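The values are calculated or read from the model by the stated rules, or taken from the named source; none is laboratory data. Here the structure is a predicted model, which means the values were calculated and not measured. A quick note on method: Cβ atoms are made from the backbone with ideal geometry, for glycine too, and the neighbour counts reach across all protein chains shown. When the accessible area is computed, the model is the full protein with side chains, heavy atoms only, and any ligands, DNA or RNA have been set aside. Shrake-Rupley method; radii C 1.70, N 1.55, O 1.52, S 1.80 Å.
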Amino acid sequence: MSRSAHPAGPRHADVLPEGHYTAPPADLNALDPKVWAHTVTRDQNGVVNVGGIEVTRLAEEFGTPAYFLDEADFRSRARAWRTAFGHDADVFYAGKAFLSRAVVRWLHEEGLNLDVCSGGELATALSAGMPADRIAFHGNNKSETEIRTAIEAGVGRIVLDSFQEIVRVAHIAQSLGKRQRVQIRVTVGVEAHTHEFIATAHEDQKFGIPLAGGQAAEAVRRALQLDGLELIGIHSHIGSQIFDMSGFEVAAHRVVGLLKAIRDEHGVELPEIDLGGGLGIAYTSDDDPREPHEIAKALSEIVTRECEAAKLRTPRISVEPGRAIVGPTAFTLYEVGTIKPLDGLRTYVSVDGGMSDNIRTALYDAEYSVALVSRTSDAEPMLVRVVGKHCESGDIVVKDAFLPSDLAAGDLIAVPATGAYCRSMASNYNHALRPPVVAVNDGGARVIVRRETEEDLLRLDVG
Ligand code: LLP
């Protein structure tokens, strides 16, 4: 996930430390639209605005740290995915990236479906009115209760992840007098070019049933025999934060190979194929993600070509983007606290959040950008590491970046592209209070997930 070190760096050090930075940007006040939500601009006073509101006002009203989510941007990205895939394909937003009831309502209004992977996500989706038949239920170890709740609710599909689950879901469906629509998730043996922890289609990991050794074909055999199941398709998810379409190409080729084998053996042409999510976004100016229409075109061409070669009817395609929809739509706003220059190394800038609101840097060595947003500055760039307030040295939010050297306590800085897997993976480490998510739209701002309070923490502590 990291670029190579490129010594062009800090003006305050003669010898450059190891790092993942490139040269400081020509203009530290500029906001690269690739990494910021659509409505983010800097006004004539130098203050960054989102949805027409100054971040200084947002900080006063909602406090820091906080995630600010650009609702118009979210809706337009969701719509772009929906229209790119048209009527012959389905887009399931992956709720694990970030889910709240407001988000569910926006998705519903924009015509998207929803992928959930736990009872909690399912409850959120249903409570916000997502029709059950537009929900896909995932997970490598779904509990009996989760399966029963999902089937009773009438979810559109359950994605089966193991041999045990094939039997378990069939039994529960039958006991409820239902026939559940299911897909089987297979591992196609692709090494996706991404961080090991978020690559999911190589064989040596916990998800899916390997195509290798005929295991997936055997799973299909069993599923087709069970009355409680209606097998509608095959599912493959190769990983996350992927830019290179070749992994999807290999996955589609292998999944279509399985569809062909199923047709040859059982005389059944499964009507659906799900290629999962995983499309990358720009965290820094060096990342170049593809547009949804390019992705849709590439995927449908791949599947059509593969099916023509196999003399199969082209199945209905579905995809499950999470990060690509919500990731770029939010930023985290922090207040600067302690600033510690370490001579010859870099300057440590502490903020009022940290690994409890963004674990991705510590977990995946993820890269982020950062900007001073409460004012502009013409000061020289300084190489910084933005760190949190937690009790460990790995508590890093932005590993290597440049901020103006006149940065001072009380300034507001923002880290863009934190809409996905930041609030959803937030923790209470050190009894931190998880920050709120505030939706900003057209001059208005409203809390969609409120800030945790000490009362919330103490309420769970019943000893
Ligand atoms: N479908 C399935 C079956 C998945 O497992 C995932 C993500 C997605 C779709 C959505 O992937 P996306 O389009 O958001 O990349 N916590 C990690 C990412 C883990 C992704 C898990 N599954 C991160 O922060 O990078």
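Listed conditions (1) over 24 Å from Tyr283 (Cβ atoms); (2) open to solvent by 30 Å² or more (accessible area, probe 1.4 Å) are all met by Asp456, apart from (2).
If you take the residues in the range 91-124 that are among the charged types (D, E, K, R) and within 13 Å of the ligand (Cβ to nearest atom), which one is most open to solvent (accessible area, probe 1.4 Å)? The selected residue is Lys96. Scanning the range 271-325 for residues being within 12 Å of the ligand (Cβ to nearest atom), open to solvent by less than 30 Å² (accessible area, probe 1.4 Å) and within 27 Å of Lys399 (Cα to Cα) gives a total of 11.
Per this entry, Pro328 is not counted among residues that are more than 14 Å from the ligand (Cβ to nearest atom) and either under 26 Å from Ile158 (Cβ atoms) or at pLDDT 95 or above (or both). The residue that is farthest from Ser405 (Cα to Cα), among those in the range 20-70 that are assigned to a loop (DSSP other than H, G, I, E, B) and acidic (Asp, Glu), is Asp43. Cβ-Cβ distances below 7 Å connect the following pairs, each with a first residue in the range 252-265 that is farther than 18 Å from Leu299 by Cβ, a second residue that is of a type outside the set (Ser, Thr, Tyr), and a separation of six or more residues or different chains: Lys260/Ala310; Lys260/Leu312; Ala261/Ala217; Ile262/Val220; Ile262/Val268; Ile262/Leu270; Arg263/Glu269; Arg263/Leu312.
Residues of the range 326-349 that are buried (at least 24 other Cβ atoms within 10 Å of the Cβ) and either within 30 Å of Phe74 (Cβ to Cβ) or among the small types (Gly, Ala, Ser) (or both): Val326, Gly327, Pro328, Thr329, Ala330, Phe331, Thr332, Leu333, Tyr334, Val349. Restricting the range 160-202 to residues that are part of a loop (DSSP other than H, G, I, E, B) and modelled with pLDDT of 95 or more leaves a set whose member that is nearest to the ligand (Cβ to nearest atom) is Asp161. Out of the residues in the range 355-396 meeting the condition of being of a type in the set (Gly, Ala, Ser) and within 20 Å of Ala409 (Cβ to Cβ), tell me which one is surrounded by the fewest Cβ atoms within 10 Å (Cβ to Cβ). Step by step, filter the range 355-396, then rank; the result is Ala379. Note on the range 408-433: residues that are farther than 14 Å from Leu99 by Cα and within 16 Å of the ligand (Cβ to nearest atom) amount to 4. Quickly run through the range 74-97 and pick out the residues that are among the β-branched types (Val, Ile, Thr) and modelled with pLDDT under 95. None - no residue of the range 74-97 is among the β-branched types (Val, Ile, Thr) and modelled with pLDDT under 95, so the list stays empty. Inspection of the range 242-254 identifies at least one residue that is open to solvent by 10 Å² or more (accessible area, probe 1.4 Å), within 16 Å of the ligand (Cβ to nearest atom), in contact with a Pro (Cβ under 7 Å, 6 or more places away or on another chain) and at pLDDT below 95. Do the conditions hold for Glu301, that is, is it among the acidic types (Asp, Glu), out of contact with any strand residue (DSSP E or B) (no Cβ under 8 Å at 6 or more places or on another chain) and touching a residue at least 12 places away in the same chain (Cβ under 8 Å)? No; evaluated as a whole, the condition is false for this residue. Touching a Ser or Thr at 6+ places or on another chain (Cβ under 7 Å) and of a type in the set (Gly, Ala, Ser) - does that describe any residue in the range 123-134? Checked against the condition, which is being touching a Ser or Thr at 6+ places or on another chain (Cβ under 7 Å) and of a type in the set (Gly, Ala, Ser), the range 123-134 yields no hits at all.
Is one or more of the residues making up the range 227-235 within 14 Å of the ligand (Cβ to nearest atom) and surrounded by 24 or more Cβ atoms within 10 Å (Cβ to Cβ)? Outline the logic, then answer.
Start the filter on the range 227-235 by keeping residues that are within 14 Å of the ligand (Cβ to nearest atom), which leaves 233-235.
From what is left, the residues that are surrounded by 24 or more Cβ atoms within 10 Å (Cβ to Cβ) are 234-235.
The answer is yes, given that some residue of the range 227-235 is within 14 Å of the ligand (Cβ to nearest atom) and surrounded by 24 or more Cβ atoms within 10 Å (Cβ to Cβ).
Within the range 57-74, residues that are on the phi > 0 side of the Ramachandran plot sit with their Cβ atoms under 7 Å from residues that are modelled with pLDDT of 95 or more, at 6+ positions apart or across chains, in these pairs: Gly63/Arg451.
Residues that are over 30 Å from Asp343 (Cα atoms) and of a type in the set (Val, Ile, Thr) within the range 393-435 comprise just one, Thr418.
Consider Ser377 carefully, then state whether it is among the small types (Gly, Ala, Ser) and out of contact with any Pro (no Cβ under 6 Å at 6 or more places or on another chain). No. Selection of the range 150-181 for residues being open to solvent by 60 Å² or more (accessible area, probe 1.4 Å) and of a type outside the set (Gly, Ala, Ser) yields Glu152, Gln164, Val167, Arg168, His171, Gln174, Lys178, Arg179, Arg181. Please indicate, with yes or no, whether at least one residue in the range 420-432 is within 23 Å of Leu363 (Cβ to Cβ), under 21 Å from the mean Cα position of the chain (by Cα), in a strand (DSSP E or B) and outside the structural domain of Thr284 (by TED's automatic domain parsing). No, there is no match, as no residue in the range 420-432 is within 23 Å of Leu363 (Cβ to Cβ), under 21 Å from the mean Cα position of the chain (by Cα), in a strand (DSSP E or B) and outside the structural domain of Thr284 (by TED's automatic domain parsing). Of the residues making up the range 16-71, those that are touching a Gly at 6+ places or on another chain (Cβ under 8 Å) and modelled with pLDDT under 95 are Leu16, Pro17, Gly19, Tyr21, Ala23, Pro24.
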